[in-house]
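Read through the structure below, which is laid out as structure tokens, and then see the notes.
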Amino acid sequence: MKTLNRVVIGLSMAMLALSAGHAQSDSSYGDDKYRPSVGQEGKDVIWVPTNGELVGKMLEAAKVTSSDIVYDLGAGDGNIPITAAKKYGVRAVGIEFNADMAALARRNAQRAGVADRVKIINGDIFQENFSEATVVTLYLLPDLNLKLRPTILKMKPGTRVVSHAFDMGDWEPDQRIESSRANAFLWVVPADVAGEWALDGVEIHQKVSLQLSQRYQRIGGNIVIGKSIQPILGAQIEGDRLSFRYLDAKGVLHHIKAVVRGSTLEGEHQTGSTYSPLKGTRR
Ligand SMILES: C[S@@+](CC[C@H](N)C(=O)[O-])C[C@H]1O[C@@H](n2cnc3c(N)ncnc32)[C@H](O)[C@@H]1O
């Protein structure tokens, strides 16, 4: 069944590329040394290039800056890492299993004048280490995205992940990216904040703890101040940035913002126009 699904999805990827005027004659791709065909077999997924308009929108949605490291998993002819290096001056890496394709991508990077910033690894995305990436791009298949998901969720909080066409199962995207021919999804890897935290800097005379439950970027919980348990309001985790509000027992609104680093957090506690520093440790 899984194999049948893959074939159907693979065929529709190729059909979409064809109907979008992507697969002009094969001679429009490659060079004198290697001419790949749109829809040709790959190790886990066929080759269909992401169109230039969508590449631009994917990188824009990921808010790429020159300090990012962009990895394209299954890099094909290198169009995504090459565009990222040209447009944003980033260091970009493509991982491509097909040796001829990887060599073509290297020559394309040379022709585009970005060979010093683009590295193409001829390897398997399930074997190579891409943990240094701050932006990951994908155009794979739904089950491959799911297979990569545990690794992606362990990456540095704040890493942006952009997938052409396919989602990540029950990990809701933070943004949908639309272009005239195809769509993509963006996720920001959230810090792991689940559990109980001891907070210092909220109340001077009482013990304060924060109980958080989490499913990907969706979080909720309670703040316990002495004997009073208050639900937290509008809780958000964006990468390593945690923020929420709560009403104290007297109905006064408080706002907490903090940066999470593993099992500690640091930030500020705001009540009206009064700000105070805040620290927290996971129990
Ligand atoms: C749909 S194409 C996407 C190409 C490029 N990322 C883009 O969006 O234009 C997928 C690419 O992944 C490559 N590929 C398939 N399985 C792979 C694997 N396990 N490791 C590395 N590359 C793989 C294929 O050869 C193909 O070039």
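Here residue 33 and residue 87 are evaluated by their C-beta separation; at R0 = 22 Å the FRET efficiency comes out at 0.25.
Amide H contacts for residue 278 (H built 1.01 Å from N in the peptide plane; partners 5 or more residues away or on another chain; cut-off under 5 Å): 267, 268, 269. If R0 is taken as 45 Å, the Cβ-Cβ distance between residue 194 and residue 43 corresponds to a FRET efficiency of 0.80.
In a reduced charge model with +1 at each Lys and Arg Cβ and -1 at each Asp and Glu Cβ, the chain shows a dipole moment near 500 debye about its Cα centre.
Taking θ as phi - 60° and the Karplus parameters 6.51, -1.76 and 1.60, the scalar couplings of the range 59-65 work out to 6, 5, 5, 6, 6, 5, 10 Hz in sequence order, x denoting glycine and proline. Compared with the dominant Cα axis of the chain, that is its longest principal axis, helix 2-19 is turned about 70°.
Just order 135-144, 180-189 by mean Cβ neighbour count inside 10 Å, highest at the front, would you?
By packing density, highest mean first, the sequence is 135-144, 180-189.
Note on the chain: percent of Cα-Cα distances in each 5 Å bin, starting at 0 and stopping at the bin with the largest distance, equals 1, 5, 11, 15, 15, 13, 9, 8, 7, 6, 5, 3, 2, 1, 0, 0. Phi-derived couplings, Karplus 6.51 cos²θ - 1.76 cosθ + 1.60 at θ = phi - 60°, listed residue by residue for the range 98-108: 6, 4, 5, 5, 4, 5, 4, 4, 5, 5, 4 Hz, with x used for Gly and Pro.
A straight chain from residue 279 to residue 60 at 0.36 nm per residue would run longer than the Cα-Cα distance by 75.4 nm. Along each principal axis, taking the top coordinate minus the bottom one, the Cα set of the range 140-185 gives 33, 23, 16 Å in descending order. So what's the angle, to the nearest 10 degrees on a 0 to 90 scale, between helix 142-153 and the longest Cα principal axis of the chain? The angle comes out near 40 degrees. Beyond 21 Å in Cα-Cα separation lie the following of the pairs 156/257; 33/119; 207/279; 57/147; 57/87: 57/147. Taking the C-alpha atoms only, the angle from helix 79-88 to the longest principal axis of the chain is near 60 degrees.
For the range 48-195, the fraction of C-alpha pairs farther apart than 22 angstrom is 33 percent. Size check on the range 119-208: the Cα extents along the three principal axes, sorted descending, read 58, 32, 23 Å. A compact globular protein would have a Cα radius of gyration near 2.2 N^0.38 Å; the ratio found for the range 22-131 is 1.00. Normalised size of the range 181-283, defined as Cα radius of gyration per 2.2 N^0.38 Å with N residues, equals 1.13. Expressed as a whole percent, the accessible surface of the chain that belongs to carbon and sulfur atoms is 52, based on a 1.4 Å probe. Each residue of the range 160-165 was assigned a 3J(HN,Hα) from its phi angle through the Karplus expression (A = 6.51, B = -1.76, C = 1.60, θ = phi - 60°), giving 9, 10, 10, 10, 6, 6 Hz with x at Gly and Pro.
The values are calculated or read from the model by the stated rules, or taken from the named source; none is laboratory data. Remember, predicted model here, so these are calculated numbers, not experimental data. FYI the Cβ positions are ideal-geometry reconstructions off the backbone, even for glycines, and counts take in every protein chain you see. Accessible surface areas use protein heavy atoms only, side chains included; no ligands, DNA or RNA. Shrake-Rupley method; radii C 1.70, N 1.55, O 1.52, S 1.80 Å.
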